[in-house]
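Heads up: the structure comes next, in structure tokens.
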Amino acid sequence: MKHLWLAGLLCGTLFFSGCWSKREINELAIVSSAAFDCTDEGWEVTAEIFLPSSSQGAGGGGITAARQSWLAKGNGPTVFTAIHNLTLKVPRRVYWAHCSAIIIGEEVARSGLIQVLDFWDRDPEARRSALLFVYQGEAAQLLTKSFGAMERTVGMQLAGLANTSKISGYADVSTIHQFLVALSLPGMDPNTACLVLRPLVEVPGLVATGKKDLKTGTAVTELNLDKQALFRGTKLVGWLDKREARGLLWVRGTIKDLITIQVPGTRGLKIDLEVFNSSRKLSVKQKDGIPQITVQIELGLGLASQESSKELIKQSPSLERKAQIVVEKELKAAWSKACKLEVDPFGFGHLIYTKNPKLWHKLQPSWPGGVAIHWQVRAQVESSGLSLGGPRELEER
Amino acid sequence: MIFPWIKKIPHADLDSLKPEDVLVQLDKEQVVGKLAANVERIRQIMGQPHDLVVRQLKLPQAEVALIYLSGLVDRISIEKILDALLLERPQVEKAGIVLGGNLQKWQQSGMPIGEVSQEQIMGGAIRGLLAGKTILVADNCKVALLLETKKWEERQVSEPEVESAVRGPREGFVENINVNLSLIRRRLRHPNLRVERQIIGDLSNTQVMILYIEGLAPKSVLEELRSRLGRIKLDGVLESNYLEELIADAPFSVFPQVDATERPDRVTAGLLEGRVALLTDGTPFALKLPMVFISYLQAVEDYYQNWILAFWLRLLRLLSLLIALLLPAVYVALTTYHQEMLPTPLAVSLAIQREHVPYPAVVEALAMQIIFEILVEAGLRLPKTLGQAVSIVGALVIGEAAVRAGLISEAMVIVVSATAISSFLFPAYGLSLVIRLLRIPMIILSASLGLFGIFVGIMLILIHLVNLRSFGVPYLTGIAPFVPQSQGDIIMRAPWWKMLRRPKITGYRDPIREKEGLKPGSSVDGREDLKELDAEISQEERLRRK
């Protein structure tokens, strides 16, 4: 009781030192996305920073809107110094916690991502939930040539794309965390989505609001998720095209949302099937010293569209067979591409490792080889939407 | 001098005494046998005021005097007394009852007044006089009669202004303690309702009443209350808070440890739970004790409404308690320390709003809070007609102009107004004051230590709360210590057919308050008439099916 005043005084000193890590939200340069490239002296980071102006939605000429972000470049021999050298240009404290997308130039990706990954793993501010993209070309160009059309920034646009890509099932964006996890597992190679920039058709009236684009005279561009980038370790080794990417995603089990399968009908008519639910099961057995991996995929399908004059839902067994063939082709294409590139984004190696580590160590040098994969696809058509068989009847008459 | 032949009788010199000792001194003084001496003494004690009326009457067998203070008595009662003395007395005496100057006999058969008492002590007579009684003294009689004639202007029983309810009784306490007592007696028609009267205040001589139900209220609490009240010695009690502060367990706490209310139904409900009430004359606020923290969040209306709705309202109150205490602090912590915890669009939008604001978020928050407090106080103190002007100025200056002038951000206006509104959701005004006060240190803590500071603040408040006792009862009873049997009336409000027990901590002397199985339609146990009815109906049905 006697020294209560002393305790009070000591507590009071808390407040004097307390504010040292204070940073007002408007004193931050919030980074939305970052692009990494190599230069002659080392690394170049391009940070896309939110512009704190309230001109939200100003312009808005349909396809383009005024840029609401600002780009700053930093150079240095390492990723860390390049990021720190941003402070030479940015008047506010660069803040990485809201950085939602990291874009890696192809050149960097081929030479290895280890520095970028290490920074994101080590820095307390940077988040492992940031999405990782590969860009075919110089990554900074993606930021300079495009901007978030629907969103404020490219970073937010990319975060949205990563979500919506699940609907098509043609690309799967991996986060830094997923990438690091895949790296840490024996018998598994990371992969992520690749971005391309495509020129949009130039429509003078519509482009008028995109001031910068008018000045430079470049065509308005459009961001696309295009391929799946395959890595061996942290190095980019090759690509899977759309179809092959889907083959990979079937096995990875990331296809959950609605996706469509196009199957050829009789007489060249096109049929679309929607996947409502899918499940996959991987199992491994050993036969004559060769591991046998069985991939079972079960699909619940619905008829989404058709051109035929007959209501095809009545012939669901044939639809199911066709769907099975299409999916199986995708799977095989993906696996053969992966074998060609000598990577295993499927994680089959990891499967063997978890079941039989000794066997895995024997197989490891020649992986992915010396394994037999059995593909089993089962599809079931369950619904045909709301249609009762409308327009086809008219045609028949 | 009306009686010049009477010589001055030597008395203790009152002028040299301290005011608080005067009545004590007078308590030692007897009423004397001489009328003139008594009258003169009373005049002398009172200091010859103009409202002291002395009506001397020469009756056939006695000389008497009526003495009263004109503002405190009922004219009709005085006229009745005069009627009795001058007109009816001769008839009574004709019937053979000789009253003479013997006032003891008068008390038995001569006074048409409900409450008549004898007084031999001068101090008692003066106390009666000051309480609106009329003193009747007679020559050759060493006794004075005190006739209850009090009547003064007072507020009518009206709707409680602080604790209003949509559904429920509209009566609130008034300043008259006897009216207040009657409001409670009307709700509890049982002989076990005990009322103990005490006079507190050497100069104010304020009546204080301890109310409890014999056989329910814990004896320890009663003993403690009596001893704490007995200790009090001060000049005057003008409001129940005087007592509240003098009997509190933790005098340095901001949390009231006694429940002040102006609703008689709330007091009655407390009595039924085994609590003790304390009424104070001159104020409409009664005290209820022991108090637990959770009763802050329980409105009396909760019990008058559908229990599901009441439960929802209680959850709402709990939420608003958190908002009122923490929202500005959390806002400051998130925007100055933990920007990573905000969703990206919100972070950007807050950054944009704060772009033009020159001060840090803490300064913004504190300034807005203090201006808001000033507005609230101004609204309370101003004449009602000016109150509107203040609110318009407040809304325009603080809401609109400050944002437009770029002094504060829109988000802060939203935060402050949400906080302000939630701090007025509590049924007890006491809590909203406490929360409004605690908010400021919470903001300072969060501004210097971030979310960590907020947790430190919450921990300090909780440590303080679990330490508090109200008349030996832990302040957080029900929550800590956790009482499983009482959970029906802590956060939840159990339906009336499930509220079978009194709160354990106060009602342990008779824990059961309700018969079991009263849920409508669930059981006909114990209702023979219903059982018979049931049997009849099923028999009829069976016959019909056949």
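The values are calculated or read from the model by the stated rules, or taken from the named source; none is laboratory data. Because the structure is predicted, anything quoted here is derived from the model rather than measured. Every residue, glycine as well, gets a Cβ built from its backbone with ideal geometry; the counts of neighbours run over all protein chains shown. Please note that ligands, DNA and RNA were not included when accessible areas were found on the heavy atoms of the full protein model with its side chains. Shrake-Rupley method; radii C 1.70, N 1.55, O 1.52, S 1.80 Å.
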message = Looking at the range B:46-57, can you tell me whether even one residue there is over 20 Å from B:Lys150 (Cα atoms) and crowded, with 18+ Cβ neighbours inside 10 Å?
response = no
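For every residue, the table says whether it meets (1) crowded, with 21+ Cβ neighbours inside 10 Å; (2) under 19 Å from B:Leu183 (Cβ atoms).
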site: B:Pro251; (1), (2): no, no
site: B:Gln257; (1), (2): yes, no
site: B:Arg263; (1), (2): yes, yes
site: B:Arg266; (1), (2): yes, yes
site: B:Ala269; (1), (2): no, yes
site: B:Glu273; (1), (2): no, yes
site: B:Leu279; (1), (2): yes, yes
site: B:Gly282; (1), (2): no, yes
site: B:Val292; (1), (2): yes, no
query = Which members of the range A:101-114 meet the condition of being open to solvent by 10 Å² or more (accessible area, probe 1.4 Å) and touching a Leu at 6+ places or on another chain (Cβ under 6 Å)?
reply = A:Arg110
ask   = Within the group B:Gln91, B:Gln108, B:Gln61, B:Gln48, which residue is in contact with a Gly (Cβ under 7 Å, 6 or more places away or on another chain) and either of a type outside the set (A, V, I, L, M, F, W, C) or modelled with pLDDT of 85 or more (or both)?
value = B:Gln61
inquiry  = Pull out all pairs, ordered by first then second residue, where Cβ-Cβ is under 6 Å, the residues are six or more apart or on different chains, the first lies in the range B:111-133 and is in contact (Cβ under 8 Å) with a residue 24 or more places away in the chain, and the second is open to solvent by 10 Å² or more (accessible area, probe 1.4 Å) and assigned to a loop (DSSP other than H, G, I, E, B).
reply    = B:Ile121/B:Asp27; B:Met122/B:Glu29; B:Gly123/B:Asp27; B:Gly132/B:Leu72
query = Which of the residues belonging to the range B:22-45 are open to solvent by 60 Å² or more (accessible area, probe 1.4 Å) and without any contact (Cβ under 8 Å) to a residue 60 or more places away in the chain?
reply = B:Gln44
note = By residue number, the members of the range B:435-454 that are more than 13 Å from chain A (Cβ to nearest Cβ) and either buried (at least 21 other Cβ atoms within 10 Å of the Cβ) or without any contact (Cβ under 8 Å) to a residue 12 or more places away in the chain (or both) are B:Ile435, B:Arg439, B:Met442
query = Since B:Thr344 meets every condition but one in (1) touching a residue at least 60 places away in the same chain (Cβ under 8 Å); (2) more than 26 Å from the chain's Cα centre (by Cα), which condition does it not meet?
reply = (1)
ask   = What number goes with the only condition from (1) open to solvent by 20 Å² or more (accessible area, probe 1.4 Å); (2) assigned to a helix (DSSP H, G or I); (3) in contact (Cβ under 8 Å) with a residue 12 or more places away in the chain that A:Ser305 does not pass?
value = (2)
task = Would you check which residues across the range A:268-292 are of a type in the set (D, E, K, R) and either open to solvent by 60 Å² or more (accessible area, probe 1.4 Å) or at pLDDT below 85 (or both) and list them?
result = A:Lys270, A:Arg280, A:Lys281, A:Lys285, A:Lys287, A:Asp288
key: Unique match (being aliphatic (A, V, I, L, M) and touching a strand residue (DSSP E or B) at 6+ places or on another chain (Cβ under 8 Å)) among B:Ala447, B:Ala480, B:Ala405   = B:Ala480
message = Against the conditions (1) of a type in the set (Phe, Trp, Tyr); (2) within 19 Å of A:Thr254 (Cα to Cα); (3) open to solvent by 30 Å² or more (accessible area, probe 1.4 Å), where does A:Tyr353 fall short? Just the number, please.
response = (2)
inquiry  = Only one of B:Val397, B:Val332 is surrounded by fewer than 20 Cβ atoms within 10 Å (Cβ to Cβ) and either without any contact (Cβ under 8 Å) to a residue 12 or more places away in the chain or within 14 Å of another protein chain (Cβ to nearest Cβ) (or both). Can you tell me which?
reply    = B:Val397
task = Output the number of the condition that B:Leu319 fails; it satisfies all remaining conditions of (1) over 30 Å from B:Arg354 (Cα atoms); (2) open to solvent by 10 Å² or more (accessible area, probe 1.4 Å).
result = (1)
request  = Residue by residue through the range A:85-105, note down the ones that are away from every other protein chain (no Cβ under 14 Å) and either assigned to a strand (DSSP E or B) or out of contact with any strand residue (DSSP E or B) (no Cβ under 9 Å at 6 or more places or on another chain) (or both).
outcome  = A:Ile102, A:Ile103, A:Ile104, A:Gly105
query = Scanning for something under 18 Å from the mean Cα position of the chain (by Cα) and modelled with pLDDT under 90, does the range B:203-215 turn up at least one residue?
reply = no
query = Looking at B:Leu476, B:Leu460, which one is among the aliphatic types (A, V, I, L, M), free of Cβ contacts under 8 Å to residues at least 12 places away in the same chain and either over 23 Å from B:Ala269 (Cα atoms) or surrounded by 15 or more Cβ atoms within 10 Å (Cβ to Cβ) (or both)?
reply = B:Leu460
ask   = If you take the residues in the range B:354-366 that are crowded, with 19+ Cβ neighbours inside 10 Å and charged (D, E, K, R), which one is nearest to the other protein chains (Cβ to nearest Cβ)?
value = B:Arg354
inquiry  = Checking the condition open to solvent by less than 60 Å² (accessible area, probe 1.4 Å), without any contact (Cβ under 8 Å) to a residue 60 or more places away in the chain and touching a helix residue (DSSP H, G or I) at 6+ places or on another chain (Cβ under 8 Å), which residue from B:Gln369, B:Gln339, B:Gln298 passes?
reply    = B:Gln339
query = Considering the range B:342-351 alone, what residues qualify as being aliphatic (A, V, I, L, M) and surrounded by fewer than 21 Cβ atoms within 10 Å (Cβ to Cβ)?
reply = B:Leu342, B:Leu346
Cβ pairs under 7 Å, 6+ apart, first in the range A:166-193 and open to solvent by less than 40 Å² (accessible area, probe 1.4 Å), second acidic (Asp, Glu) = A:Leu180/A:Asp121; A:Ala182/A:Asp189; A:Gly187/A:Asp344; A:Met188/A:Asp344; A:Asp189/A:Asp344; A:Ala193/A:Asp172
ask   = Looking only at the range A:117-126, which residues are within 14 Å of chain B (Cβ to nearest Cβ) and either open to solvent by 80 Å² or more (accessible area, probe 1.4 Å) or touching a Gly at 6+ places or on another chain (Cβ under 8 Å) (or both)?
value = A:Pro124
query = Any chance the range A:313-324 includes a residue that's in a helix (DSSP H, G or I), under 18 Å from A:Ile255 (Cβ atoms) and open to solvent by 20 Å² or more (accessible area, probe 1.4 Å)?
reply = yes
request  = Would you mind telling me which numbered condition in (1) within 14 Å of A:Ile176 (Cβ to Cβ); (2) in contact with a Phe, Trp or Tyr (Cβ under 8 Å, 6 or more places away or on another chain); (3) buried (at least 22 other Cβ atoms within 10 Å of the Cβ) A:Leu131 fails?
outcome  = (2)
query = Is there a residue being surrounded by fewer than 15 Cβ atoms within 10 Å (Cβ to Cβ), in a strand (DSSP E or B) and not aliphatic (A, V, I, L, M) anywhere in the range A:255-267?
reply = yes
